[in-house]
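The values are calculated or read from the model by the stated rules, or taken from the named source; none is laboratory data. Computed from a predicted model, the values in this text were never measured in an experiment. We place every Cβ from the backbone using ideal geometry, glycine too, and count neighbours over all the protein chains shown. Accessible surface areas use protein heavy atoms only, side chains included; no ligands, DNA or RNA. Shrake-Rupley method; radii C 1.70, N 1.55, O 1.52, S 1.80 Å.
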Amino acid sequence: MKPLLTFASVKLRNGWRQLTSMRTALVLLFLLALAAIPGSVFPQQNIKPEAVTRYLTDHPKLGPVVARLYGFEVFSSPWFAAIYLLLFTSLVGCILPRSRDHARALLRRVPDAPKRLERLPAHHRGRTTLGAAEVTARLRGWRTVTREQADGSVTVAAERGFLKESGNLVFHTSLIVVLIGVALGSMGGWHANRILVQGEEQAFCDTVQQFDDYSLGTAVGAGDLPPFCLELTGFDSKYLETGEPSAFAGYLSVTGSETRTGSFSVNHPLRLKDANVYLLGHGYAPILRYTNAQGKQQTTVAPFLPTDNSTLTSEGVATFPDANGDRKKQVAFSGLYIPTAPETGMIAQSIFPAERNPRLMLTFYRGDLGIDEGTPSSVYKLNQVNIARGDLKQVGEGKVLKVGDSWTLDDGSKLEFLGTRPWVALSLRHDPGEPVVLGGVAFVLIGLMLSLAGKRRRVWVRLTPDGTGSSLLEAGGLARSDYPGFDDEFRALMDRIGDSDREPVDALR
Amino acid sequence: MSLSTLSDNLLYIAILAYLGAMMLHTADYALMRRRPAVAAPAEAKVLVGAGGPEVAVNPIEDVQAPPAAPERRDWAPLFGKLAVWMTGLAVLLHFTTTATRGLAAHRMPWGNMYEFVLSVTLVGGAAWLVVAIRKPQVRRLGIVLTLVEMLLLGFAGLVLYTQVNPLVPALQSYWFVIHVTSVVLASGLFLVGFVPSAAFLIRDGYDAGKRRFPYSLGGRLPAADAMERLAFGIQAFAFPIWTFGVAAGAVWAEAAWGRYWGWDPKETWAFISWVVYAGYLHARSTPSMNRRLVAWIAIIGWLTMLMNLFGVNFFFTGLHSYAGVQ
């Protein structure tokens, strides 16, 4: 049994050494860089799910292969995780022994001068009237140890630049802190998106049923979301004459876990206690009133989605499922909203994103909207299956409406275009790992700068009194890391502790 | 003439000045330690007409040969000095181009890809000028650097050019100044670090006895060791700035997009560059690592920077789509 155990432990130890060697760490670093590349080449599920769907339809052969290899979720794939976990294991295996060595180096006295100082890269011989205590005093910033030697001479051993290794260790440890922060965020964080139209009756409360889409961290349940409600009370947008946007700002009223009002814009989220509210997009929601043949009225505010972000030409539908109390006679209007229609020519395209000459181009549909069948469907598009089946039919020609216009339909019912309200696309987010990541990154930077700027070096000075009140001075120096300026520093040091009429510096490098 | 037109015209003069500096460097390079093979009267002619071809005509062995007995005036250092002066002029013009562009737009001159390249190359030119003045022994590398500057500026002027426009709301933030300044600085410095790394590989190959192109150019390059140290110094200086720039971008992304990191193509490639340059610094600090391999890592690092600047803007769409290139 014993040889087998020894064999296993030798294997283990060798494996560990291999993993923690610099060569392996470098290989893992490059694997990490390589592994990230497909994440920029293929669309990613958690960033642009619609692009993934498009890719799968455009590449029926290649798509499924990419999907099986986690090409659409590179950064949460097992192989990406394997690389960075191995890398971080190797990192820990490097930090631990080096921390121990560094702690020892900090506690240890600077080792005594070697016998033959002239063998060191920097060397100096001269005379000085200073004693060991004064030499030590002039080595400000150095850790020094003075030793009396048997032959009557005194040596001063000096070392500095310990911050280099301290910085190095801080840098690598902070990388682990960053990783922990990222993990905290993916466990305890959540985010959700929603389109919110201006107006009191459009307000929503923070529950998953109210979101257009959402994603909860692994440790977050639907019941853990902070209870608050949001209402859009206003939205301002400013554009240059070229149509380029110059400023956006939305105004929210918050109730629930806290009661307040606040504004938010691009770059300036509304920071609530338990979540931040971000402005992702905006558009117009036409207000439409439908009066059926019996005179029953219904009003809807339907957000239209921009098909062109620079002119805000938007597309959408307004549905009146209960208009006639009959599932076969549901009513819907589908079409385009054009904030600024050109004075002449085709109206199909807006020429400016603000509402200067608004037009609504609608087509009237009647039939089964297919929204009661329990299958999820978009509220921004009509059910294409029902249209294809003939259950939902276009009635008559389309019509262009101005604000205030009324459109009388074939059965005597009437549609009125009352105006528009702005809507905003909101993102609600909470990431408890953020402060940890930010703190980690700050220390990564501090450690990095110390590590790159620090220079570890040692200097030894040997003073041999010659009985005339002054001493023979011999000194040697050694830079322990790449430090081209060491010779200059050594020379300056010698100027400070040597006599002015010293012999010329010899054998410098 | 409006400020923006002035800026556009200055760009072409700046490119011409870099061209002039490159030609002076070429003269320095061609004349370096050449054994005078022809009689004195002809010499002047050769000097005036000295250019690229002269390098090829001379057998490389001549370069290593000691100067001929009658000491002749060595013209190379003069051309080398003139080249640095000319580079100084080019950088001044380049600065004026960039500054007038910023003044015309009433903001920092890096709101689109054209201006970004203008600024990165300005940092590269200025950083190189500092190196060339402080370390005359590596001055001759200016021939590569001025060439790279010319190519990038020419590409910017011809392909990336866009009219002066105010910033879109997404870029209206003080983080625009902090994030982009640090990224511009680091990119410019990595550009300058790339040149000695590449030159080191050529010179080191030449020293190892390789004589094929491009190693044939190595004979007149500065000493391998000096270039390798220079490359490390610049890249080690740039790396924390790059780290800060990426971190500042993350802080901005948190405020603008709701998350500090989202693997947007630009973010992904910034991460890749960071990892590669981190690998470079680790490899460089490992004494047992072959210095040629280390230099190759720096080259790959620069390629990832180029990929991020050009590749990501042209091939991928992401949140960082401010290039303004049609």
Notebook entry, point to check: How far, in degrees from 0 to 90, does helix A:434-453 lean away from the longest principal axis of the Cα atoms of chain A, to the nearest 10?
Noted result: 30 degrees
Check: Per the 1.4 Å probe, what fraction of the accessible area of region B:255-326, in percent, lies on carbon and sulfur atoms?
Finding: 70 percent
Next item on the list: Return the residues of region A:445-477 for which accessible area with all protein chains present is lower than in the chain on its own by 30 Å² or more; set the probe to 1.4 Å and exclude ligands, DNA and RNA.
Entry: A:LEU445, A:LEU448, A:LEU452
Check: In debye, nearest 20: dipole of region B:218-326 around its Cα centre with unit charges on the Cβ of K, R (+) and D, E (-)?
Finding: 320 debye
Notebook entry, point to check: If R0 is 41 Å, what FRET efficiency do you get for B:LEU158 and A:TRP79 from their C-beta distance, rounded to 0.05?
Noted result: 0.50
Margin query: Quick check: with the 1.4 Å probe, what order do B:GLU267, A:GLU231, A:GLU241 take by accessible area, largest first?
Written below: A:GLU241, A:GLU231, B:GLU267
Check: Taking a temperature of 10 °C and a viscosity of 1.306 mPa s, what whole-number D in µm²/s does Stokes-Einstein yield for region B:222-326 with Rh from Kirkwood over alpha carbon pairs?
Finding: 105 µm²/s
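Report the convex hull volume per residue for region A:190-430, counting only C-alpha atoms, in Å³.
Looking at region A:190-430, the number lands at 143 Å³ per residue.
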Notebook entry, point to check: List the trypsin sites (Lys or Arg not before Pro) in region B:197-290 that DSSP assigns to loop (not H, G, I, E or B) and whose Cβ has at most 15 other Cβ atoms within 10 Å. Which are they?
Noted result: B:LYS210, B:ARG211, B:ARG212
Next item on the list: Excluding residues fewer than 8 places away in the same chain, name every one of the lysines whose C-alpha is closer than 25 Å to that of A:LYS115.
Entry: A:LYS455
Checklist line | Among B:VAL195, B:ASN290, B:GLY209 the positive-end extreme of the charge dipole of region B:168-326 (Cβ point charges) | finding: B:GLY209
Check: Near A:LYS328, which aspartates and glutamates are there with a Cα under 15 Å away, not counting those fewer than 8 places off in the same chain?
Finding: A:ASP368, A:ASP372, A:GLU373, A:ASP391, A:ASP411
Next item on the list: Whenever you get a sec, line up B:SER288, A:SER21 from highest to lowest accessible area (probe 1.4 Å, protein heavy atoms).
Entry: B:SER288, A:SER21
Check: ³J(HN,Hα) across region A:205-215 via Karplus (A = 6.51, B = -1.76, C = 1.60, θ = phi - 60°), whole Hz, x for Gly/Pro?
Finding: 10, 6, 10, 4, 5, 7, 8, 6, 8, 7, 8
Next item on the list: Tell me which residues come under 5 Å, amide H to amide H, from A:THR261 once H is placed; ignore anything under 5 positions away on its chain.
Entry: A:VAL254
Item checked: Whole-number D in µm² s⁻¹ for the protein assembly as shown, Kirkwood Cα-pair radius fed into Stokes-Einstein, 10 °C, 1.306 mPa s -> 49 µm²/s
Next item on the list: May I ask you to evaluate 6.51 cos²θ - 1.76 cosθ + 1.60, the Karplus curve with θ = phi - 60°, for each residue of region A:460-473 and list the ³J(HN,Hα) values in order in whole Hz, giving x for glycine and proline?
Entry: 10, 10, 10, 10, 10, x, 10, x, 9, x, 10, 10, 6, 10
Check: Accessible area per residue, 1.4 Å probe, Å², for the protein assembly as shown: what's the number?
Finding: 48 Å²
Check: Using the alpha-carbon centroid of each, what span in Å lies between region A:137-164 and region A:301-358?
Finding: 83 Å
Check: Between chains B and A, what is the buried accessible area summed over both chains (1.4 Å probe, protein heavy atoms, nearest 100 Å²)?
Finding: 3700 Å²
Notebook entry, point to check: Can you list the residues, at least 5 places off or on another chain, whose amide H is less than 5 Å from the amide H of A:ARG127, using H built in the peptide plane?
Noted result: A:LEU473, A:ASP499, A:GLU503
Item checked: Protein-only accessible surface order, largest first, of A:ASP58, A:ASP206, A:ASP466 at 1.4 Å -> A:ASP58, A:ASP466, A:ASP206
Notebook entry, point to check: Can you list the residues of region A:462-478 with backbone N under 12 Å from a point 7 Å past the Cα of A:GLN149, pointing along Cα to Cβ?
Noted result: A:462-465, A:472-476
Next item on the list: Name every cysteine in chain A that ends up alone, with no second cysteine's Cβ under 4.7 Å, or say none.
Entry: A:CYS94
Notebook entry, point to check: Out of region A:125-174, which trypsin sites (Lys or Arg not before Pro) are coil in DSSP terms and have no more than 13 other C-beta atoms within 10 Å?
Noted result: A:ARG140
Note to self: So, taking all protein chains as they sit and a 1.4 Å probe, how much accessible area belongs to A:HIS191, in Å² rounded to tens?
What the structure shows: 50 Å²
Margin query: Rounded, prolate or oblate for chain B? Axes are the square roots of the Cα gyration tensor eigenvalues, ordered a ≥ b ≥ c, and the cut-off for rounded is a/c under 1.5.
Written below: oblate
Checklist line | Under 13 Å, Cβ to Cβ, from A:ASP224 - net charge with Lys/Arg +1 and Asp/Glu -1 | finding: -2
Item checked: Average projection area in nm² (convex hull over Cα atoms of region A:11-104, one quarter of hull surface) -> 7.9 nm²
Note to self: Can you compute the charge dipole magnitude of chain A about its Cα centre, using +1 on each Lys and Arg Cβ and -1 on each Asp and Glu Cβ, nothing else charged? Give it in debye, rounded to the nearest 20.
What the structure shows: 2520 debye
Next item on the list: Compute the distance in nm between two label points, each set 7 Å from the Cα along the Cα-to-Cβ direction, one at A:ARG108 and one at B:HIS106.
Entry: 6.5 nm
Next item on the list: Step through the residues of region A:39-53 one at a time and calculate ³J(HN,Hα) from phi using the Karplus curve (6.51 cos²θ - 1.76 cosθ + 1.60, θ = phi - 60°), rounding each to whole Hz and writing x for Gly and Pro.
Entry: x, 9, 7, 8, x, 10, 4, 7, 9, 9, x, 5, 5, 5, 4
Item checked: Extension gain from A:ASP224 to A:LYS402, taking 0.36 nm per residue of separation minus the Cα-Cα distance -> 59.5 nm
